[in-house]
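The structure under discussion appears below in the form of structure tokens.
The values are calculated or read from the model by the stated rules, or taken from the named source; none is laboratory data. These numbers come from a predicted model, not from an experiment. Because the Cβ atoms are built from the backbone with ideal geometry, glycine has one as well, and the counts that use them run over all protein chains shown. Calculation scope for accessible area: heavy atoms of the full protein, side chains included, ligands and nucleic acids excluded. Shrake-Rupley method; radii C 1.70, N 1.55, O 1.52, S 1.80 Å.
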Amino acid sequence: MIAKVLFWASLGALVWTQVGYPLFAALLARLRGRPVRKGDFMPRVSVIVAAHNEEAVIERRLENLLALDYPSDLLEIVVASDASTDGTDALVRAVAARKPRVRLLPAPRGGKVAAQNLAVRETDGEILAFSDANAQWKPDALRKLASNFADPDVAYVCGGHFYEAADGTNREGTYWRWEAWLRRNESRLGSITGGIGPIYAVRRSDYVDVDPRFGHDLALPYLMVQHGRRAVFEPEAVAWEKPSRDLEDEYRRKVRMFEHCWLIVLRGKMLRRLGPTYLLEIVSHRHLRYASGLLHLVLLGSSIALVRAGLIYDIALAAQLLLLLAAALGVGIARYYVLVTWATVVSLVRYLRFGVPAVWAKAEGTR
């Protein structure tokens, strides 16, 4: 009896978070969508790029930002160098000598969020825009982001994002197309549950100094909602970057990322002061998604325990074994799904054993 309860509970949770919830969110968004009141709004913007040893890409990043279709007198670009030890600082200073809108802000080694927090205090833009050093923005991206802040209820906006074609076996681009569709529907409902690191912006009056171990992508959207504000998605503000080359590199990146996610889920008080719709979004899209590895282990164990207890259990076990076999044989999407799902388990174990550092390491092959 216990095995059957575990089987159906884990199967139901997996089907809901992976398929049921996205379809439900799309339907609900169609029935009771809440559009953003966009406008031709161009406030002063501070673009902040946190960087640690980014000499390979920092010049390209700055040239891309300088080419944005946004009034130059309303834009400042700050590189918060997190104690870089390579040529990053010298390269930024060289660009700043030619372009007064660019400024280097040296920071003590404390990690990405600590550098961002320092940069916020040292800038004066009404809107704070953030980007990664290895990302690129389309020329109109900042205008598209800013237009959402014409709506006084909007505190946070993240843009659309795609990956360049991977040189190797990574399939992260497929996942992000699905995530973009889901974010679009969550935004129509009211607020998204997670941001996108390469391109997002926050109204200064709504900015929150978060724990340097948290990261903005997961923390800022739900914190905005807890304060009665909106966090929305603007798919026309487009950024792109180079993905990890191979699935194994992406797996290691996911483990590091999920360690921070587990910290926020377990210590970030995510479920406080939320309305019923957004509470459902957070539990369905974040909590259950990060628990998917544990749910798969429960499903596999209960399926084995229920062999010959009924045809449905035998079929379920066979399907899981086929998925694992396909992943072992290197079938692209199956291997990607299994590795990323397993990363949620490994990251939880690592978080419980070692905690989470504030500093970050670049993913292999993304520069």
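Ordering of 33-44, 219-230, 345-356 by packing is 219-230, 345-356, 33-44, highest average first (other Cβ atoms within 10 Å, averaged per residue).
Helix 332-354 sits at what angle to the longest principal axis of the chain, using alpha carbons and giving 0 to 90 degrees rounded to 10? Roughly 80 degrees between the two axes.
Multiply the residue separation of L297 and L280 by 0.36 nm, subtract the distance between their alpha-carbon atoms, and state the gained length in nm to one decimal. List each step's numbers first, then the result.
Values: separation 17, 0.36 × 17 = 6.12 nm, distance 2.37 nm.
Taking 0.36 nm per residue and subtracting the Cα distance, the gain is 3.7 nm.
Would you please give the FRET efficiency between S205 and V19, computed as 1/(1 + (r/R0)^6) with r the Cβ-Cβ distance and R0 = 35 Å, to the nearest 0.05? It comes to 0.35.
Charge dipole (Cα centre; +1 on Lys/Arg Cβ, -1 on Asp/Glu Cβ; no other charges) of region 234-339 amounts to roughly 460 debye.
List the equivalent ellipsoid semi-axes of the chain in whole Å, largest first, each obtained as the square root of 5λ for an eigenvalue λ of the Cα gyration tensor. Write down the numbers at each step before the final one.
On the way: eigenvalues 281, 111, 64 Å².
For the chain, the ellipsoid semi-axes come out as 37, 24, 18 Å.
Can you give the local net charge around P43? Use residues other than it whose beta-carbon is closer than 10 angstrom to its beta-carbon, Lys and Arg +1, Asp and Glu -1. Kindly include the intermediate steps, with their values, before the conclusion.
Values: positive: R44, R203, R204; negative: E126.
Here the count lands on +2.
A simple spin-label model places the labels of D153 and L325 5.2 nm from each other, with each point 7 Å out along Cα-to-Cβ.
Note on L66 and R109: the model spin-label points, each 7 Å out from Cα along the C-beta direction, lie 3.0 nm apart. Protein-only accessible surface at a 1.4 angstrom probe places the residues R253, R177 in the order R177, R253, largest first.
Which value, in Å², gives the accessible area per residue of region 217-367 when a 1.4 Å probe is used on the protein heavy atoms?
On a per-residue basis, 47 Å².
Protein heavy-atom surface of the chain, 1.4 angstrom probe: 61% of the accessible area is carbon and sulfur, with nucleic acids and ligands not counted. Evaluated with a Cβ-only charge set (Lys, Arg +1; Asp, Glu -1), the chain carries a dipole of roughly 980 debye about its Cα centre, given to the nearest 20.
Compared with the dominant principal axis of the Cα atoms in the chain, helix 112-121 is inclined by about 40°.
Among D217, D89, D73, what's the order by accessible area (1.4 angstrom probe), most exposed first?
Values: D217 60, D89 30, D73 115 Å².
Heavy-atom accessible area, descending, gives D73, D217, D89.
The residue among L295, L321, Y278 whose Cα reaches farthest toward the positive pole of the charge dipole of region 215-360, with charges on the beta-carbon of Lys, Arg, Asp and Glu, is Y278. Extents of region 41-156, largest first, come to 42, 26, 21 Å (Cα atoms, principal axes, whole angstrom). Charge dipole (Cα centre; +1 on Lys/Arg Cβ, -1 on Asp/Glu Cβ; no other charges) of region 18-67 amounts to roughly 620 debye.
Between R273 and E164, how high is the FRET efficiency from 1/(1 + (r/R0)^6) when r is the Cβ-Cβ distance and R₀ = 45 Å? Nearest 0.05. If you can, show how the numbers build up before the last one.
Working: r = 40 Å, r/R0 = 0.88.
The formula returns an efficiency of 0.70 here.
Accessible area ranking (1.4 Å probe, heavy atoms, ligands and nucleic acids excluded), largest first, for W176, W262: W176, W262.
Using just its DSSP H runs of length 4 or more, each adding -39500 (n - 2.57), the chain gives a mean residue ellipticity at 222 nm of -15000 deg cm²/dmol after division by all residues. A crude spin-label estimate for the pair A180 and R308, with each label 7 Å from Cα along the Cβ direction, gives 5.1 nm.
Using the Cβ of I127 as centre and a radius below 9 Å, the other residues enclosed give a net charge of +2, where K and R count +1 and D and E count -1.
Give me the 1.4 Å probe accessible area per residue for region 3-160, excluding ligands and nucleic acids, in Å².
Details: 6480 Å² over 158 residues.
Heavy-atom accessible area per residue stands at 41 Å².
Relative contact order of the chain, taken over Cα pairs closer than 8 Å and 6 or more residues apart, is 21 percent. Between V265, W360, P43, the Cα set farthest toward the positive side of the dipole of the chain (charges on each charged residue's Cβ, about the Cα centre) is that of V265.
Estimated from the Cβ-Cβ distance and a Förster radius of 35 angstrom, the FRET efficiency linking F41 and A90 is about 0.45.
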